[in-house]
Each structure stands twice: as C-alpha cells, then as structure tokens.
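The values are calculated or read from the model by the stated rules, or taken from the named source; none is laboratory data. No experiment lies behind these values; they were computed from the predicted model shown. FYI the Cβ positions are ideal-geometry reconstructions off the backbone, even for glycines, and counts take in every protein chain you see. We work out accessible area using only protein heavy atoms, side chains counted, and drop any ligands, DNA or RNA first. Shrake-Rupley method; radii C 1.70, N 1.55, O 1.52, S 1.80 Å.
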Amino acid sequence: QVQLVESGGGLVQAGGSLRLSCAASGSAFSVNFMGWYRQAPGKQRELVATITTLGGINYADSMKGRCAISKDSAKNTVYLQMNSLKPEDTAVYYCRLNARISGTSFVTNYWGQGTQVTVSS
C-alpha cells in the first residue's frame with residue numbers, strides 16, 4: 001500500500017505564491033515520476049507539472065514561468081512552487097506518483113487526496 005500526503009494548499013491573493021508538498025510512503029516501490037495535476041469545478045483534471053527520477057521536467061503551458069517543480073528523492077517527496085498566481089489557478093491540486101512495484105514489472109499510478117488552492121482577485 002502506498003500513501004501520498006499532500007500539504008501546502010490554501011487561500012492566496014492574486015499575484016501571491018504557494019508551495020505544495022507531496023510525500024510518498026508505504027510499500028516498496030521505485031519511482032518513475034511524480035507530479036501535480038489540478039481540477040477546477042466543472043473541468044477535467046489537467047497536468048500542472050511532472051518530474052522524473054532523472055530530473056526530466058514537463059510543465060503545462062499555462063504554468064511555464066510561474067512555477068517550479070522539484071524533488072527530494074531520498075524522501076520520495078515532490079514540491080511545487082507556484083508564483084504570480086491568478087484566480088484561474090483556483091482548483092484542487094492532486095499529487096501523482098507513477099511507480100514500479102519493487103520485485104515486479106508492474107507499473108501503476110497513485111493519487112493523493114487533493115489540496116485546495118484558491119486564488120482571490
């Protein structure tokens with residue numbers, strides 16, 4: 001069993017910053033990549049940013065230049081620093097872990113419970 005614990009969401013004014021954290025723990029696994037997705041009311045879940053074990057990074061176009069994803073591999077933790085936040089960034093932000101179960105070739109995805117980010121105008 002793998003658990004993802006997210007933190008760092010909250011209410012911020014437009015132009016402000018937030019830093020999200022997501023720590024993975026539990027059964028033995030090998031991380032392929034971790035990342036952040038978000039879902040606004042009435043919309044589909046969408047990519048924010050991902051980072052691979054080797055440090056490869058992918059950002060959504062809407063977030064390029066305004067956020068930075070980083071990781072602490074020793075802690076299986078991923079961070080998302082978001083700056084210059086806009087009201088349209090308001091959403092529930094979910095952490096995703098893509099990992100191989102140790103001792104197998106089975107690759108699966110785990111999701112956190114989500115953390116609310118609200119940006120007021």
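Assorted remarks:
- Any hit, segment 63-86, residues being of a type in the set (Asp, Glu), at pLDDT 95 or above and open to solvent by 60 Å² or more (accessible area, probe 1.4 Å): no
- Contact map, segment 2-24: residues that are modelled with pLDDT of 95 or more paired with residues that are crowded, with 17+ Cβ neighbours inside 10 Å and outside any strand (DSSP E or B), Cβ distance under 6 Å, separation 6+ or inter-chain. Pairs shown: Leu4/Gly112; Glu6/Gly112; Val12/Leu85; Gly16/Leu85; Cys22/Gly112; Ala24/Asn76.
- Looking across Ala28, Ala68, one residue alone is hydrophobic (A, V, I, L, M, F, W, C) and within 20 Å of Gly8 (Cβ to Cβ). It is Ala68.
- Taken over segment 53-69, the criterion of being in contact with a Gly (Cβ under 9 Å, 6 or more places away or on another chain) and either hydroxyl-bearing (Ser, Thr, Tyr) or within 15 Å of Tyr94 (Cβ to Cβ) (or both) is satisfied by Tyr59, Ile69.
- Remark: pairs (first residue in segment 88-113, farther than 17 Å from Cys22 by Cα; second residue open to solvent by less than 30 Å² (accessible area, probe 1.4 Å); Cβ separation under 6 Å; 6+ apart in sequence or on different chains) = Asp89/Val119; Thr90/Val119.
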